[in-house]
Amino acid sequence: MKQEISVLMDGELFEDEAESLLNRIEHGSDVQRDWEVYHLIGDVLRQPDHIPCGLSAKVRERLRDEPTVLAPRGHAVKQRMRTIALSAAASLSAVGVVVWMSMQISPEAGPKMAMQQNAARPVNVQIQPKANDYLMAHQEFSPSTDMNGGASYIRTVAYRPDEK
Amino acid sequence: MADREVDQQLVERVQRGDKHAFDLLVSKYQRKLGRLISRFVRDPAEAEDVTQDAFIKAYRALPGFRGESAFYTWLYRIGINTAKNYLLANKRRTPASTSFDAEESESFEEASLLREVNTPENELMSKQVVDVVQASLQQLPEDLRSALTLREIEGLSYEEIASVMNCPIGTVRSRIFRAREAVAENLRPLLETSKGNRW
């Protein structure tokens, strides 16, 4: 029980456990005292210069004379409904974004993109035979090579079957 | 359940007519609110009166609290307004800006009836509490002391502490509890001797 109080005040207890524990803290004086002492320890560690004695007892005394307050009926329900509605709206928006993004890359868009790629592909150009030697000698400077920077270390050779 | 959600749970209980739930909120925030108010109202006895009054005003206003902000933000706002109005009622200059609602102003006669602060006995008691907590902390094994310090002073979550201390979250949970309980064990005999027996 004490360990649960410690975890609750650190905001690390699961919701269902927290609700039942809060019931026990409210209605058990020993448990309530543990809640008070643990909070006191935290406050002393954070602000040792300001630890007034017995303030809560005085507030409690004054509260005794106060009429019990009640929120208007349905206030809490409205609050919950609003939270649920906002969550639902957020989920729908997220789904909408995902659907819209998937539409952007839908199967119908695939062939179009492929066609565009085909259109952009360079055509084969008939090169004059005498230009081959020039291109071979300067291929290391070509930006289209996949081996930029490495090409200069590769020795290029040519093979002609009619030569020995 | 995050800390803010625990407060919201307690607030909803108060809104359903459960006064005990408000006691838990008072226990939790009395010193934080008191410290905030003492920045406006310098005299400790007056600051305590204002703090009491701020809690009573918060209790009365709680049916209208909709949870749009955190409870402590709302409570601190009431505390600051109460302090400023107290200074205005006493024709004293507020340390910060003076944008506040004059309707909030009210008398503090009721609070002054309960004024018992700053007696030598209370001052001694507060000092002893601080001494016991600090001495107990120093006596703790290193791993317990680090876990409690990272949680209470640095405000880290269990997950963050587990990462810093390189241990499972369950170990962090256990270390923090054992540290608190060890300090509380030393503190309880002292608290039982205090008037009213409540902190």
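Residues that are in contact with a Phe, Trp or Tyr (Cβ under 8 Å, 6 or more places away or on another chain), in a helix (DSSP H, G or I), free of Cβ contacts under 8 Å to residues at least 60 places away in the same chain and within 7 Å of chain B (Cβ to nearest Cβ) do occur in region A:14-27. Checked against the criterion of being of a type in the set (A, V, I, L, M), in a loop (DSSP other than H, G, I, E, B), crowded, with 20+ Cβ neighbours inside 10 Å and at pLDDT below 95, region B:113-128 has at least one qualifying residue. Of the listed requirements (1) surrounded by fewer than 19 Cβ atoms within 10 Å (Cβ to Cβ); (2) of a type in the set (A, V, I, L, M, F, W, C); (3) more than 11 Å from every other protein chain (Cβ to nearest Cβ), B:Ile153 misses just one: (3). Screening B:Glu103 against (1) modelled with pLDDT of 90 or more; (2) more than 13 Å from chain A (Cβ to nearest Cβ) leaves a single unmet condition, (1). Is there a residue being of a type outside the set (S, T, N, Q), crowded, with 18+ Cβ neighbours inside 10 Å and either closer than 26 Å to B:Arg178 by Cβ or more than 7 Å from every other protein chain (Cβ to nearest Cβ) (or both) anywhere in region A:59-74? Checked region A:59-74: no residue is of a type outside the set (S, T, N, Q), crowded, with 18+ Cβ neighbours inside 10 Å and either closer than 26 Å to B:Arg178 by Cβ or more than 7 Å from every other protein chain (Cβ to nearest Cβ) (or both). The residues in region A:51-72 that are among the aliphatic types (A, V, I, L, M) and assigned to a loop (DSSP other than H, G, I, E, B) can be counted, and the count is 4.
Against the criterion of being part of a helix (DSSP H, G or I) and more than 9 Å from chain A (Cβ to nearest Cβ), B:Ala54 qualifies. Taking region B:19-37 as the range and being more than 7 Å from every other protein chain (Cβ to nearest Cβ) and farther than 21 Å from A:Ser6 by Cβ as the test, the residues that pass are B:Leu33, B:Leu36, B:Ile37. If you go through region B:38-48 one residue at a time, do you hit one that is part of a helix (DSSP H, G or I), within 7 Å of another protein chain (Cβ to nearest Cβ), crowded, with 22+ Cβ neighbours inside 10 Å and free of Cβ contacts under 8 Å to residues at least 60 places away in the same chain? No, every residue in region B:38-48 fails to be part of a helix (DSSP H, G or I), within 7 Å of another protein chain (Cβ to nearest Cβ), crowded, with 22+ Cβ neighbours inside 10 Å and free of Cβ contacts under 8 Å to residues at least 60 places away in the same chain. Residues in region B:156-171 that are at the interface with another protein chain (Cβ under 9 Å from one of its Cβ atoms) and either within 24 Å of the chain's Cα centre (by Cα) or crowded, with 20+ Cβ neighbours inside 10 Å (or both): 2 in all. Each residue in region B:11-37 was checked for being in contact (Cβ under 8 Å) with a residue 40 or more places away in the chain and within 15 Å of the chain's Cα centre (by Cα), and 8 pass. Going through (1) facing chain B (nearest Cβ under 7 Å); (2) at pLDDT 85 or above one by one, A:Gly54 falls short only on (2).
The values are calculated or read from the model by the stated rules, or taken from the named source; none is laboratory data. All figures in this text were calculated on a predicted structure; none of them were measured in a lab. Methodologically, a virtual Cβ is constructed for each residue, glycine included, from the backbone with ideal geometry; neighbour enumeration extends over all protein chains shown.
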